Amino acid sequence: MKEHQIQVRVRYSETDQMGVVYHGNYVPYFEMGRVEWLRDKGVSYKSMEERGVALPIVSMNINYKKSARYDEVLTVKTKFKSQTTVKIEFDCEIRNEENELLTTAHFVLVFVDIKTGRPVTPPSYIKELLSTIEI
């Protein structure tokens, strides 16, 4: 399955004085979605790092459509888009409890050797996982 969803309740500390989620706080929501997408496929991000591979973001594009507000339960959808030799791409969205689209995003991440900081091809267990996902 190429999609995964999680739910997150907006905490007071993530909002401004008007109860609106600060724009920078959407990035952690999307990160939670990507980490849980991997976990749902049987891969712990922590174990991947322990094996010497990280996945830093090299590009992100976020479009804000409507504000998320304090105490709302948000649904974060993460969708695998593509994978090349060293990159993996995701399209993401956040919806509120009324299923209104609040934010969309596109992320490009690169598999990196933690010791050298250089791009690497994904480990075999990641390649195998990605080969089973329909595009």
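Assess whether I133 counts as being open to solvent by 40 Å² or more (accessible area, probe 1.4 Å) and among the aliphatic types (A, V, I, L, M). In short, no.
Being at pLDDT 95 or above, open to solvent by 10 Å² or more (accessible area, probe 1.4 Å) and touching an Asp or Glu at 6+ places or on another chain (Cβ under 6 Å) is the requirement here; does K79 meet it? For K79, the condition - at pLDDT 95 or above, open to solvent by 10 Å² or more (accessible area, probe 1.4 Å) and touching an Asp or Glu at 6+ places or on another chain (Cβ under 6 Å) - is met.
Residue count for the stretch 34-50 satisfying the condition of being open to solvent by less than 30 Å² (accessible area, probe 1.4 Å) and free of Cβ contacts under 8 Å to residues at least 12 places away in the same chain: 1. Right, I88: open to solvent by less than 70 Å² (accessible area, probe 1.4 Å), within 16 Å of P122 (Cα to Cα), in contact with a helix residue (DSSP H, G or I) (Cβ under 9 Å, 6 or more places away or on another chain) and part of a strand (DSSP E or B) or not? Yes; evaluated as a whole, the condition is true for this residue. When E72, E93 are screened for being without any contact (Cβ under 8 Å) to a residue 24 or more places away in the chain and either over 10 Å from the mean Cα position of the chain (by Cα) or surrounded by 16 or more Cβ atoms within 10 Å (Cβ to Cβ) (or both), only E93 passes.
With respect to the conditions (1) open to solvent by 50 Å² or more (accessible area, probe 1.4 Å); (2) modelled with pLDDT of 95 or more; (3) of a type in the set (V, I, T), V53 lacks only one, and its number is (1). Comparison of E31, E14 shows that the only residue that is open to solvent by 50 Å² or more (accessible area, probe 1.4 Å) and either over 18 Å from the mean Cα position of the chain (by Cα) or at pLDDT 95 or above (or both) is E31. For the stretch 3-10, check the following and say yes or no: at least one residue is part of a loop (DSSP other than H, G, I, E, B) and under 13 Å from the mean Cα position of the chain (by Cα). No: zero hits. Look at the stretch 77-89: where a residue is free of Cβ contacts under 8 Å to residues at least 24 places away in the same chain and closer than 12 Å to K2 by Cα and a partner is open to solvent by less than 70 Å² (accessible area, probe 1.4 Å) and not aliphatic (A, V, I, L, M), sitting 6+ places away or on another chain with Cβ atoms under 8 Å, you get E89/F80; E89/S82; E89/Q83; E89/H106; E89/F107.
The values are calculated or read from the model by the stated rules, or taken from the named source; none is laboratory data. Since the structure is predicted, the reported quantities are computational estimates derived from the model, not experimental observations. We place every Cβ from the backbone using ideal geometry, glycine too, and count neighbours over all the protein chains shown. For accessibility, only protein heavy atoms count, side chains too; no ligands or nucleic acids. Shrake-Rupley method; radii C 1.70, N 1.55, O 1.52, S 1.80 Å.
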